[in-house]
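The values are calculated or read from the model by the stated rules, or taken from the named source; none is laboratory data. Since the model is a prediction, treat every value here as computed from it, not as a measurement. Here Cβ is always computed from backbone atoms with ideal geometry, including for glycine, and neighbour counts include all displayed protein chains. Just so you know, the surface numbers come from the protein's heavy atoms only, side chains and all, with ligands and any DNA or RNA stripped out. Shrake-Rupley method; radii C 1.70, N 1.55, O 1.52, S 1.80 Å.
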Amino acid sequence: ARAQIGVTGLAVMGSNIARNLARHGHTVALHNRTTAKTDALLEKHGDEGDFVRTESMEEFVAALEKPRRVLIMVKAGDATDAVISELADLMEDGDVIIDGGNSLYTDTIRREKEMSERNLNFVGAGISGGEVGALEGPSIMPGGPAEAYESLGPLLESISAHVDGEPCCTHIGPDGSGHFVKMVHNGIEYADMQLIGEAYDLLRRALGLDVEQIADVFRDWNSGDLESYLVEITAEVLSQKDAETGKPLVDVIVDAAGQKGTGRWTVKSALDLGVPVTGIGEAVFARALSSELDQRSAATDLKPGVIGEQPADTDAFVSDVRAALYASKVIAYAQGFDQIRAGSEEYGWDLHPGAMATIWRGGCIIRAQFLNRIRDAYDENPDLKSLLLAPYFRDAVEEGVESWRRVVTTAAGLGIPVPAFASSLSYYDGLRSERLPAALTQGLRDYFGAHTYQRVDKEGTFHTLWSEDRSEVEA
Ligand code: 6PG
């Protein structure tokens, strides 16, 4: 037995992680359900490092030094359970199973419990960065027992991205916390992409810029506050021409957005936790609406009722959209971090938001300059009530709020959908409002269901006798 780690599941993510491990000097045992993928990897990249080829799960497990470490890179769901059960039967006390897929965190909680009952360490690790990240340095979010991280951590940290010498990998917390944090990361990824889409749509439909001009705007935005991987690749995608038609590629792609589930899971979890993640929610719903192609084509002749005009000053409006994008992005992250805090409380995970911001600065899909600022904000005040209240973000949003309102107003006037921009602005207005109409909601609930209410001026719970003399009683 000589391999420090084994990787089973050698589709593109698995084989790129295996190569990354080997390139960092680790001996990697390889396993795949069919040996064709193993052989393809060895044939193309076998000289990149030290690999051990295995054909069966028995041979694979026998190739590993103890305590054994196996990284599972198969499809989330039943396939993951099947591989775990096969592996667990062959492993011994203290061995470590790492699930590097996009697993649902509640599955990870269950699996960790099952494995710990068998004296095995189970590490649910979120891995972000796509194919290139897996090979060149992803952001890694491992949960599970702290003692498992002691031996595993240095290995994972060695292959992760690094920013200013710091690894984009840290022990997140117990059981399902790593996959929970990865799920919220993906939710933020959805919101980020939706906001970018709305900005693009406004530049195109409100200002009439062409796709190449918009690509230039994004290229320009990819410096300063908005500098991020997603803004960078937006310019790339918009610049791409279709070889067949000569049109911008974006104009020949069907406008129906797919989704594999992590965004939806984020929103479901947020509903259960009672955390308003409006930006992420609108992003998931916008993808759903886009996919209703039949319904949409039946509805294209609905009256637009436009009441606005194209903004007169192009440069000024571009700059407004930039500010709206930034402010809405701050809201999406503030909401995502609220969900991380709520999840941490619900499950007793003791998560540190600053640590999440640190490991998201590089490697992952949402990597961005401004994560440095989020980290600073939590360094300064770990108990921050909302990211929005950290001085830096507060200033940034307050500086852009008029622009943000102009953008949402213009979009509404012209009939251009901006669900994420608009809902983020409403969230901001809701959060800062001294009084909300929730008082009326409470009155109505009390009227029809005797659900009671609290008063602003004294302690206690009250009910009005609506169907009697309408006097108030203490409930
Ligand atoms: C990442 C990505 C990755 C995957 C998404 C795509 O962090 O590397 O988030 O996990 O590309 O799951 O999700 P959808 O298919 O749902 O857009």
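So, Ser426, is that one within 20 Å of the chain's Cα centre (by Cα) and away from the ligand (no atom under 16 Å from the Cβ) or not?
Spelling it out, it is not the case that Ser426 is within 20 Å of the chain's Cα centre (by Cα) and away from the ligand (no atom under 16 Å from the Cβ).
Report whether or not Glu150 is free of Cβ contacts under 8 Å to residues at least 40 places away in the same chain, in a helix (DSSP H, G or I), open to solvent by 50 Å² or more (accessible area, probe 1.4 Å) and not aliphatic (A, V, I, L, M). Break it down stepwise before answering.
On the way: free of Cβ contacts under 8 Å to residues at least 40 places away in the same chain: yes; in a helix (DSSP H, G or I): yes; open to solvent by 50 Å² or more (accessible area, probe 1.4 Å): yes; not aliphatic (A, V, I, L, M): yes.
Judged against the criteria, Glu150 is a match.
Restricting to region 190-202, and then to whatever is within 14 Å of the ligand (Cβ to nearest atom) and surrounded by fewer than 24 Cβ atoms within 10 Å (Cβ to Cβ), can you tell me which residue is nearest to the chain's Cα centre (by Cα)?
My answer is Met193.
Quick check on region 66-86: of everything there that is open to solvent by less than 60 Å² (accessible area, probe 1.4 Å) and charged (D, E, K, R), which residue is nearest to Met141 (Cα to Cα)?
Taking the candidates together, the pick is Arg69.
So, in region 153-180, exactly how many residues are open to solvent by 30 Å² or more (accessible area, probe 1.4 Å), under 16 Å from Gly354 (Cα atoms) and part of a loop (DSSP other than H, G, I, E, B)?
Number of matching residues: 3.
Hey, any hits in region 451-466 for a residue that's open to solvent by less than 40 Å² (accessible area, probe 1.4 Å), touching a residue at least 12 places away in the same chain (Cβ under 8 Å), in contact with a Lys or Arg (Cβ under 9 Å, 6 or more places away or on another chain) and closer than 30 Å to Tyr326 by Cα?
The answer is no; no qualifying residue exists.
What's the number of the condition Ala420 fails, among (1) away from the ligand (no atom under 16 Å from the Cβ); (2) in a helix (DSSP H, G or I); (3) out of contact with any Pro (no Cβ under 9 Å at 6 or more places or on another chain)?
That leaves (1) as the condition not met.
Only one of Asp107, Asp93, Asp89 is within 16 Å of the ligand (Cβ to nearest atom), surrounded by fewer than 22 Cβ atoms within 10 Å (Cβ to Cβ), charged (D, E, K, R) and over 25 Å from Ala22 (Cβ atoms); which?
Going through Asp107, Asp93, Asp89 in turn, the sole match is Asp107.
Working carefully through the options Ala288, Ala355, Ala316, Ala342, find the one that is in contact with a helix residue (DSSP H, G or I) (Cβ under 8 Å, 6 or more places away or on another chain), in a helix (DSSP H, G or I) and modelled with pLDDT of 95 or more.
Ala342
State which residue is surrounded by the most Cβ atoms within 10 Å (Cβ to Cβ) when the search covers only region 245-269 and only residues that are part of a helix (DSSP H, G or I) and within 16 Å of the ligand (Cβ to nearest atom).
Thr266
Out of Gly178, Gly137, which single residue is within 16 Å of the ligand (Cβ to nearest atom), among the small types (Gly, Ala, Ser), under 22 Å from Ser85 (Cα atoms) and in contact (Cβ under 8 Å) with a residue 24 or more places away in the chain? Give the steps one after another, and end with the answer.
Numbers: Gly137 fails: under 22 Å from Ser85 (Cα atoms).
The match here is Gly178.
Matching residues to (1) within 19 Å of Tyr326 (Cα to Cα); (2) free of Cβ contacts under 8 Å to residues at least 60 places away in the same chain; (3) not hydrophobic (A, V, I, L, M, F, W, C):
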| position | (1), (2), (3) |
| --- | --- |
| Met183 | no, no, no |
| Leu202 | yes, no, no |
| Glu232 | yes, yes, yes |
| Thr245 | no, yes, yes |
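Residues that are farther than 17 Å from Ile5 by Cβ, at least 3 per element: which strands (runs of 3 or more DSSP E) completely within region 93-147 meet that?
Fully inside region 93-147 and qualifying: nothing.
Specify the residue that is most open to solvent (accessible area, probe 1.4 Å); the eligible residues are those in region 336-395 that are polar (S, T, N, Q) and out of contact with any strand residue (DSSP E or B) (no Cβ under 9 Å at 6 or more places or on another chain). Walk me through how you get there before you give the answer.
So the first thing to find is which residues in region 336-395 are polar (S, T, N, Q), and the list is 339, 344, 358, 369, 372, 381, 386.
Going one step further and asking which of them are out of contact with any strand residue (DSSP E or B) (no Cβ under 9 Å at 6 or more places or on another chain), we end up with 339, 381, 386.
Working: Gln339: 0, Asn381: 65, Ser386: 8 Å².
So the residue we want is Asn381.
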